[in-house]
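Contents: one structure, followed by commentary.
The values are calculated or read from the model by the stated rules, or taken from the named source; none is laboratory data. Fair warning: this is a prediction, and the values are worked out from it, not measured in the lab. Reconstructed Cβ throughout: ideal geometry from the backbone, glycine too, with neighbour counts over all protein chains shown. For accessibility, only protein heavy atoms count, side chains too; no ligands or nucleic acids. Shrake-Rupley method; radii C 1.70, N 1.55, O 1.52, S 1.80 Å.
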Amino acid sequence: MESTARGAIINGVAPILILLLLGSPVAAQNPKPNDNFLNNIALCNGSDRSSPEPQIIGCTALIDSGEHTTAVAIAYNNRGDAYTSKGEYDRAIQDFDQSIKLGPTNAKPFNNRGVAYLKKGEYDLAIKDLDEAIRLNPNYVKAFVNRAETYQKKNEYDRAARDYDEAIRLEPNLKAAWNGRCWSRAILGELQAALEDCNKALQSEPNDAATFDSRGLTYLKMGQFDTAIDDYNSALRFEPKLAKRALWTRACQVQEGR
């Protein structure tokens, strides 16, 4: 998820890793890199998305090869991302620690370590890392979205909404930001604004269960119960693994806490 979602070497880092590795001492000794070397680069880039394991294998090989320090920092970051996607957050954090040690001015491992802490429920540590990611890169959209989600977990919905504001300013078509702000605004009672945000999110992804869930809550708080039921049913239709009881329990808890 950059950890908001699992990806390859995130947001253009893959080409950088390839260039660094092909310019490394090992590659210089072998002007025509062997297939195994190139395969490890590809795997560490996330070329095989069948599971996190191939990425872990490729990155581990690069880490163990004694390559260029910056390339190793990127490999640690990507292996940490793969461990995060496996739910092995402590191992992920260890890799992000190493990536940060080798490349302390790179915002990505701070963002990714923040996500690992978020997933562990260590919200204050997550905020600290995401603050640093944004300090290093003030235009880092995903770090704003991740920090907003962390603020939601801390029930600090006003701060979450402000981070979503910034994410939308930087990337106006980011569905996750519109949906996240919809949810935050619904909790804060800004219902018409929340409804507009959810509708905007659904314009870009009409089958998104999470957005129907958020809009269902908005309609519920507006007293439009039949419309809320329709949205909750749509959420379940598009994501059958959602538990209907969980949706309604969450909505009712929010309703009771108004």
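Return the residue satisfying two criteria in turn: it lies in the stretch 164-192 and is open to solvent by 30 Å² or more (accessible area, probe 1.4 Å) and of a type in the set (A, V, I, L, M), and of such residues it is nearest to residue 237 (Cα to Cα).
Pass one, the stretch 164-192, residues open to solvent by 30 Å² or more (accessible area, probe 1.4 Å): 165-166, 169-176, 178, 183, 185, 187-192.
Filter once more, keeping what is of a type in the set (A, V, I, L, M): 170, 174, 176, 187-188, 191.
Numbers: 170: 32, 174: 23, 176: 20, 187: 24, 188: 27, 191: 24 Å.
Among them, the one singled out is 176.
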Checklist entry - For the stretch 128-163, what are the residues that are hydrophobic (A, V, I, L, M, F, W, C) and either buried (at least 24 other Cβ atoms within 10 Å of the Cβ) or closer than 19 Å to residue 90 by Cβ (or both)? => result 130, 133, 143, 144, 145, 148, 160, 161
Checklist entry - Do the conditions hold for residue 117, that is, is it over 25 Å from residue 53 (Cβ atoms), assigned to a helix (DSSP H, G or I) and modelled with pLDDT of 95 or more? => result no
Item to check | Residue count for the stretch 95-121, restricted to those that are surrounded by fewer than 17 Cβ atoms within 10 Å (Cβ to Cβ) and out of contact with any Ser or Thr (no Cβ under 9 Å at 6 or more places or on another chain) | outcome: 6
Checklist outcome for this item: Flagged in the stretch 112-125 as under 11 Å from residue 84 (Cβ atoms) and either of a type outside the set (Gly, Ala, Ser) or over 12 Å from the mean Cα position of the chain (by Cα) (or both), in numbering order, are 112, 113, 115, 117, 118, 119, 120
Checklist entry - Any idea which residue in the stretch 63-78 is modelled with the lowest pLDDT, counting only those that are polar (S, T, N, Q) and open to solvent by 20 Å² or more (accessible area, probe 1.4 Å)? => result 69
Checklist outcome for this item: Counted residues in the stretch 101-121 being within 15 Å of residue 136 (Cα to Cα) and among the hydrophobic types (A, V, I, L, M, F, W, C) come to 2
Item to check | Positions within the stretch 36-62 being surrounded by fewer than 20 Cβ atoms within 10 Å (Cβ to Cβ) and among the β-branched types (Val, Ile, Thr), in sequence order | outcome: 57, 60
Next on the checklist: As an exercise: evaluate residue 199 against (1) within 23 Å of residue 147 (Cβ to Cβ); (2) open to solvent by 30 Å² or more (accessible area, probe 1.4 Å); (3) out of contact with any Asp or Glu (no Cβ under 9 Å at 6 or more places or on another chain) and give the number of the one condition it does not meet.
Outcome noted: (1)
Next on the checklist: I need every pair where a residue in the stretch 179-193 that is polar (S, T, N, Q) has its Cβ under 7 Å from the Cβ of a residue that is assigned to a helix (DSSP H, G or I) and buried (at least 24 other Cβ atoms within 10 Å of the Cβ), sequence separation at least 6 or different chains.
Outcome noted: 179/198; 179/201; 179/211; 179/214; 184/160; 184/161; 184/164
Checklist entry - Does residue 6 fit the bill of being of a type in the set (Lys, Arg), modelled with pLDDT under 80 and within 25 Å of residue 121 (Cα to Cα)? => result yes
Checklist entry - Residues in the stretch 155-171: is at least one of a type in the set (A, V, I, L, M) and within 26 Å of residue 48 (Cα to Cα)? => result no
